[in-house]
Structures are given as structure tokens and as C-alpha cells.
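Below you'll find the structure, written out as C-alpha cells, and then a few comments.
The values are calculated or read from the model by the stated rules, or taken from the named source; none is laboratory data. None of these values were measured; they are calculated from a predicted model. A quick note on method: Cβ atoms are made from the backbone with ideal geometry, for glycine too, and the neighbour counts reach across all protein chains shown.
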Amino acid sequence: MKYLSFIMMILASIIKILADECNGWRITSPIVEGLVWTAGQYYDISWEPSNSQVETVDIVDLYTDNNELAATQWKGPISVKTLTTGNFQLRVSSTGTYYLNVTATTSSGGKCSLNSVSFTVITGLPEPSSSDTSTFPAPTSSLAPTSSPTLGDP
Ligand SMILES: *[C@@H]1O[C@H](CO)[C@@H](O)[C@H](O)[C@H]1NC(C)=O
């Protein structure tokens with residue numbers, strides 16, 4: 001009889017492990033703190049399933065540091081064995097601190113989600129170069145200044 005509670009404890013642990021189908025699934029990139037990402041550029045998020053029951057990775061949402069949804073960045077589902085979303089274009093309209101929330105589904109239909117580390121997003125290139133080949137429409141008639149500088153009276 002004195003072993004009964006011990007056996008119950010073991011059983012409870014086993015059931016808990018089986019129930020936590022998400023356990024083990026983890027993000028492998030980005031994991032470094034202090035990253036600076038640029039809106040419009042391409043990034044990916046990667047993971048490893050470990051011994052979790054995660055089967056597909058479904059959606060990657062970008063959240064502000066106030067935990068507000070900014071925009072969905074990528075949509076699956078893809079097999080968890082793919083290990084990465086592959087590159088997606090970062091769509092965000094204002095500079096700030098954000099994190100990614102990744103949602104997945106297990107083989108029994110359970111939902112799992114993970115948050116990435118926080119990173120900074122900037123919406124413009126830090127130093128536009130003089131050879132900027134942006135897609136903004138070029139001015140159509142800007143070969144000469146439209147008015148000559150006026151000479152000041154002596
Ligand atoms: C990710 O987003 C889902 C759905 O909005 C939410 O339920 C979940 O708590 C978030 N995950 C984390 C780890 O915050």
C-alpha cells in the first residue's frame with residue numbers, strides 16, 4: 001500500500017508528459033538578443049521539433065512589445081520537418097520593438113505557440129547611399145532648377 005502514492009505520482013508524470021505535446025518544440029532562429037531588422041527585407045524563422053508532437057507550423061505573426069498584433073508575416077502550414085519558414089518579406093509600417101509568435105498544430109490537433117526574442121525593426125535603411133536605386137518614380141523634368149537664385153542687393 002505504501003507504494004501506491006509513488007506509483008500514482010509516476011503515472012501522473014507520464015500523463016503530464018504525454019499531454020504536453022508542445023514540449024520540446026523550440027525556436028532556433030532568431031535567438032540572439034538585440035537584432036535590428038529592416039522592414040521590406042527578407043528574414044526567416046527556424047525551429048526544431050525535438051521530441052514534441054508538433055506536426056505542422058501554421059502561421060507567424062508579428063507582435064509589438066505591447067503585445068498587439070502588428071501583421072501576419074508568413075502563413076503555412078508546412079511540415080515541422082522543414083525546420084524553417086524560408087525567407088519572407090518583413091511587413092511592418094513603423095519602427096519599434098517587436099517579436100514573432102509562431103503557431104503550430106500537433107498530430108492530435110492540439111495547438112502550440114512560441115514567441116521569439118524581441119528585436120528592433122527599422123522602416124528605412126540607416127544610410128541611403130548616393131547610388132540609391134529606389135523604386136520611387138523619378139522626377140520627370142528636373143534637369144534644371146525651376147527658378148534661378150536671386151542675387152541680393154549690395
Ligand atoms: C501566440 O499567439 C496566440 C494566438 O494569438 C496566443 O494564444 C499565444 O498565447 C501566443 N503565444 C505566446 C507564447 O505568447
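Scan segment 69-76 and tell me whether some residue there is aromatic (Phe, Trp, Tyr), assigned to a loop (DSSP other than H, G, I, E, B) and modelled with pLDDT of 95 or more.
Narrowing segment 69-76 to residues aromatic (Phe, Trp, Tyr): 74.
Applying the additional criterion that residues be assigned to a loop (DSSP other than H, G, I, E, B) yields none.
No.
Modelled with pLDDT of 95 or more, away from the ligand (no atom under 16 Å from the Cβ), among the β-branched types (Val, Ile, Thr) and touching a Gly at 6+ places or on another chain (Cβ under 8 Å): does that describe Val121? So Val121 fits the description; yes. Applying the set (1) part of a strand (DSSP E or B); (2) more than 16 Å from the chain's Cα centre (by Cα) to Ala12 leaves exactly one unmet item: (1).
The criterion of being of a type outside the set (D, E, K, R), out of contact with any strand residue (DSSP E or B) (no Cβ under 7 Å at 6 or more places or on another chain) and either within 16 Å of the ligand (Cβ to nearest atom) or closer than 14 Å to Ser118 by Cβ (or both) does not hold for Asn51. Reported count of residues in segment 42-75, each being closer than 21 Å to Asn23 by Cβ and either of a type outside the set (A, V, I, L, M, F, W, C) or without any contact (Cβ under 8 Å) to a residue 40 or more places away in the chain (or both), is 10.
Residue count for segment 35-48 satisfying the condition of being part of a strand (DSSP E or B), surrounded by 13 or more Cβ atoms within 10 Å (Cβ to Cβ) and either within 13 Å of the ligand (Cβ to nearest atom) or not small (Gly, Ala, Ser) (or both): 5.
Restricting attention to segment 59-114, the residues that are farther than 17 Å from Gly40 by Cβ, surrounded by 13 or more Cβ atoms within 10 Å (Cβ to Cβ) and within 11 Å of the ligand (Cβ to nearest atom) add up to 11. The number of residues in segment 6-31 that are at pLDDT 95 or above and not β-branched (Val, Ile, Thr) comes to 8.
Please determine whether any residue of segment 2-25 is of a type in the set (A, V, I, L, M) and in contact (Cβ under 8 Å) with a residue 12 or more places away in the chain. Checking segment 2-25: not a single residue is of a type in the set (A, V, I, L, M) and in contact (Cβ under 8 Å) with a residue 12 or more places away in the chain.
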